[in-house]
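Undergrad: Quick one: this structure, given as C-alpha cells, is what I'll be asking you about.
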Amino acid sequence: MTFEGHHAGGHRSERVAEEIRHEVTLLVAGELKDPRLAVPLIVTEVRLTPDMRTARVFVRLDGDEKERTSALAGLRAASKFVRHELVERLNLRRTPEVLFLLDESEEYGRHINDLLRKVKQPENR
C-alpha cells in the first residue's frame, strides 16, 4: 500500500467519524426518548478503528455521578438503535458497532492544572 492510499483512507475515516458525530448529536437531541438522557450531554468526539468496524463515541455528561452513570447506561441501551439509524442516514457499506464512552478529558485537564499549580506554589519556609 502506498503512502497516498493509506493517507486517503485516513481522511475517509476522519470524514465518516465526523458524520457519525453529527448524526449521533442529532439523535441524542431529538429522537432518543430515554428519560435517563435528560442530563446535558455533548458528543465530543468519535474515533473509528482502522477497519471502521467500531466507533467509539465520546460524550461529556453534566450532573452528579449517579445521573452520569444512568445517562451512560441509557446511551449504551440505545446503541443498537443508533447503529440502525446510522445505516439509514449514512449509506455506508458496513456500519460500525457503536460504543459510548465518557469523555473525561476535561476532568483530566483540570487535574493536571491543579498539579501544576501546586508545583508552582513557593514552599512556605
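Undergrad: Give the relative contact order (percent, whole number) for the stretch 3-120; include only Cα pairs under 8 Å separated by 6+ residues.
TA: Reported relative contact order: 25 percent.
Undergrad: What is the sum of charges, Lys and Arg at +1 and Asp and Glu at -1, for the other residues whose Cβ falls under 14 Å from the Cβ of A38?
TA: 0
Undergrad: Something else now. Could you tell me the largest-minus-smallest coordinate of the C-alpha atoms of the stretch 3-120 on each of the three principal axes, in descending order and whole angstroms?
TA: Computed over the stretch 3-120, the largest-to-smallest principal extents equal 50, 43, 17 Å.
Undergrad: Between H11 and R117, with labels modelled 7 Å along Cα→Cβ, what's the label distance in nm to one decimal, could you check?
TA: 4.3
Undergrad: Convert each backbone phi in the stretch 53-60 into a coupling constant with the Karplus relation 6.51 cos²θ - 1.76 cosθ + 1.60 (shift: θ = phi - 60°), then list the ³J(HN,Hα) values in order as whole Hz, x for Gly and Pro.
TA: 8, 9, 10, 8, 9, 8, 10, 9
Undergrad: What net charge is computed for the residues neighbouring A17, neighbours being all others with C-beta under 15 Å from the C-beta of A17, Lys and Arg scored +1, Asp and Glu -1?
TA: Taking every other residue near A17 into account, the sum is +1.
Each value in this text was obtained by applying a stated rule to the coordinates, not by laboratory testing. All values reported here derive from a predicted model rather than from experimental measurement. Note that we place each Cβ from the backbone using ideal geometry, even for glycine, and neighbour counts take in every protein chain shown.
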